[in-house]
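Asker: Let me begin by handing over the structure; questions about it come next.
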Amino acid sequence: MADSSNPKPAETAGSAQSAASKPASKPANPAFRMMGLPNIKFRLPSRNWMIFWTITGSFTAALIYDRREKRRAQEKWCDLVAHLSKETLPVEQMRRKITVFLAAPPGDGLRVARDHFKEYVKPILVAAAVDYQVIEGRREGEVRAGLAEQIRKNRRRAGEPSSVVEEPSVESVIYDARTRIGITDEPGPKGDLVIGRHTWKEYIRGLHEGWLGPLDPPPPPVSDPVDDQPTLNPDSPTPENQETPLNEEKKDEPQQPKKPTGPTPTYLPTTEYAQQPLPSTLPTTLDGSVPIPFPHLLGFLNTPIRIYRYLNRRYLADEIGRDVAALILASSSRPYAETQPDTTPSTEPEPETTTYEQQITLQDAEQDWHKSVHKPYENDPTREREWLDPVVLDARLASRMQRYVMSPEEEDRAARIAAGEEYIRGEERPAPVSVWQRLWVKYGYGEDEETLKRRPILGNLDNEDGE
């Protein structure tokens, strides 16, 4: 009986001839073979992998390029104002302080606005060693109320009569102590930094309310008397005959103050701006201001626009850096522009209105606001809305407002800093130090004698020789 497992001689010869006809395979890499790795053949990936790596690589490259250019733009403006941090001040002077106005964007929380400030604005302020105070608002109207109250305090300190007695606070105690000691602020112009269109609207409103409004709070609205007492029925039980409720003990507990449900009420509506007289303490020119863009878009359907903005932050960083540097340097300012009405004759008479630059500043940002912001209050449709209502200006205050701009000399110097020709006021930019050079110097190698002399002495300072 023949064994079926053994191949036939004819089949064996045929397989040998087919094996001989095939070309000899490339021998495996000896290095891979010694490490136990297979013979790796370099070839193009499949179509699906090509699509995946192309999309992923393109997005990663665009992100890395944008972040690098963003960092370079911020370094340019930081170097432009860095010379201010090296200037010394007398002992009796305080550093120049800038006021930053920050409010939660429509439809989102305050953390988003804080992150925007820390990412684009704060690095330039820190590079110039400029002091700043922040007025924040979590709800609509808080920035307006905070600015107006600050202006009213300054008016009271200037000597305007008022029946309001300010309660002692930490800020007032510090201010009084510095005044007694003789400490003054650094001479020079101050400025206001307003972030976002919604904050800018509240800033304009608070500016008018603080300077044109009264120092004393308005009286509360008088409500019409209503007879809320029910008529007593002789058949009904009297309060003496009623049983004592079980929760009578809760009446003796102290009631906690209710949380505020809305912003502080306004001292002055917009319709009364023209009837108010100017205070005696109003300066001829107000402190300059700079509005900062704050693009903030929500919604899943806006994902393509959000991705485009995410990959082009370098332009936003350069624009914000220029505005913040102009505020810090304060070398050039201009009044806000004013557009006069068209004087061409027309058949229909139109009311003459003047359009101010403050009214249209950052106006495009309103298109990105959440739809809930554009709706009036359901309970009170006539209630004023700082974000929704148009910007109303008084000509007397609008003409006193100034905006800081970058001077041509500073623009040229910023271009030289970007090109690497200048670092800080004529200083040459230091050569870049690699990671290996830093590690080399960190562990005590490659230092010259001058560098070693400036290093701190560790050990026994009384007996350096160890005797």
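Asker: Taking the Cβ of Pro279 as the center, what net charge do the other residues with Cβ under 12 Å away carry, scoring Lys and Arg +1 and Asp and Glu -1?
Answerer: +3
Asker: When the accessible area of the range 24-173 is computed with all protein chains present and a 1.4 Å probe, what percentage of it is carbon and sulfur? Please report the intermediate quantities before stating the final value.
Answerer: Numbers: 5580 of 9470 Å².
Carbon with sulfur: 59 percent of the solvent-accessible area.
Asker: Next question, about the same structure. Can you give the FRET efficiency for Tyr175 and Thr355, using 1/(1 + (r/R0)^6), R0 = 45 Å, r = Cβ-Cβ distance, to the nearest 0.05?
Answerer: For R0 = 45 Å, the calculated efficiency reads 0.70.
Asker: Largest first, what is the accessible-area ranking of Arg438, Arg111 with a 1.4 Å probe?
Answerer: Numbers: Arg438 150, Arg111 185 Å².
I get Arg111, Arg438, largest accessible area first.
Asker: Probe of 1.4 angstrom, ligands and nucleic acids ignored: what's the accessible area per residue over the range 29-107, in square angstrom?
Answerer: 69 Å²
Asker: Just list whichever of Lys97/Lys190; Lys76/Lys97; Lys153/Lys201; Lys70/Lys97; Lys70/Lys122 have alpha carbons separated by over 18 Å in the model shown. Kindly include the intermediate steps, with their values, before the conclusion.
Answerer: Values: Lys97/Lys190 7 Å; Lys76/Lys97 23 Å; Lys153/Lys201 21 Å; Lys70/Lys97 27 Å; Lys70/Lys122 15 Å.
Lys76/Lys97; Lys153/Lys201; Lys70/Lys97, as the Cα separations exceed 18 Å there.
Asker: I would also like to ask the following. Could you list the GluC sites (Glu not before Pro) in the range 145-175 that lie in coil according to DSSP, counting only those with at most 14 other Cβ atoms within 10 Å of their Cβ?
Answerer: Loop-located and lightly packed - Glu166.
The values are calculated or read from the model by the stated rules, or taken from the named source; none is laboratory data. Bear in mind that the values here come from a model prediction, so they are computed numbers and not experimental data. Every residue, glycine among them, receives a Cβ derived from its backbone with ideal geometry; neighbour counts consider all protein chains shown. Each accessible area value is taken on the protein alone, full model and side chains, heavy atoms only, with ligands, DNA and RNA left out. Shrake-Rupley method; radii C 1.70, N 1.55, O 1.52, S 1.80 Å.
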